[in-house]
Amino acid sequence: MKNLSRIIAVLCLLAALSLSACAKAPAETPTEAAVTATQSPTQSPTETPATIAPTTAPSTDAPAQNTAAEHPTDSDPSPISLSGTRWNLSMVYADGEEQRPSVRYGSVIRQTGAYITFESDYTFNCVLGLVGCTGTYSTSDSGTTLHITTRYDGTSKNGEPCDENTAVTIDPETQVLSFTFNNAKHEFIPD
């Protein structure tokens, strides 16, 4: 009986020590607890199963209002890749008035077309009947810009050297691409 009371005393002492050791261990965060609870026996503690989505702590900051990601505008960077695309001219706005492309550039556009193409080497070619331009384009966080290096006015096949930059906007809802050239706003639709 005396041995039994010693064994019980030792077991109580071990239980008390283990409880005090647990109390001193740092508490797990909710993310760590979720990962530990869903790990299979073959996973190491550093592996995260593919089915667990990362969690974030709730923010105490006020939610942002009208962010660009939620409410895109014409000034947003283009939402699509322009490389290897062609867009057909749909409308021209000059002096505050809407003009059909054939009115602005003449009936020759029926033979030559009125479009802009973007190549994978960051060059573009804009044909507006006998008028148009060529150059390079660049994209950045602030949007897409055309660098017009050659301008065609319909009088020369070789065109004139030019050094003009113009911003490109793409309406995220209608997918209308627009930029200003030749003192007018040009709107293009995907081909």
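Specify which residue in the list Thr112, Thr150, Leu128 is farthest towards the positive end of the charge dipole of the range 94-161, using unit charges on the beta carbon of Lys, Arg (+1) and Asp, Glu (-1), about the Cα centre. Selected residue: Thr112. Distance between the 7 Å Cα→Cβ label points at Glu160 and Ser138: 2.5 nm.
How many Å² of accessible area per residue for the range 86-144, probe 1.4 Å? All intermediate terms of the calculation are to be shown ahead of the outcome.
Numbers: 3130 Å² over 59 residues.
The answer is 53 Å² per residue.
Each of Thr85 and Ala167 was given a label point 7 Å from its Cα along the Cα-to-Cβ line. The distance between the two points is 1.8 nm.
Could you please tell me the mean projected area of the C-alpha convex hull for the range 87-153, averaged over all directions and given in square nanometres to one decimal?
On the way: hull surface 21.4 nm².
Over all viewing directions, the range 87-153 projects a mean Cα-hull area of 5.4 nm².
Evaluate the Debye formula for the range 146-191 with equal point scatterers sitting on the alpha carbons, no solvent, and hand back log10 of I(q)/I(0) at q = 0.21, 0.22, 0.30, 0.31 Å⁻¹, in q order, two decimals. The calculated log intensity ratios at q = 0.21, 0.22, 0.30, 0.31 Å⁻¹ are -0.79, -0.84, -1.08, -1.10.
The values are calculated or read from the model by the stated rules, or taken from the named source; none is laboratory data. Nothing here was measured: the structure is a model prediction, and the numbers come from that model. Neighbour counts run over all protein chains shown; Cβ positions are idealised from the backbone, glycine included. Just the protein is used for accessible areas: all its heavy atoms, side chains included, with ligands, DNA and RNA removed. Shrake-Rupley method; radii C 1.70, N 1.55, O 1.52, S 1.80 Å.
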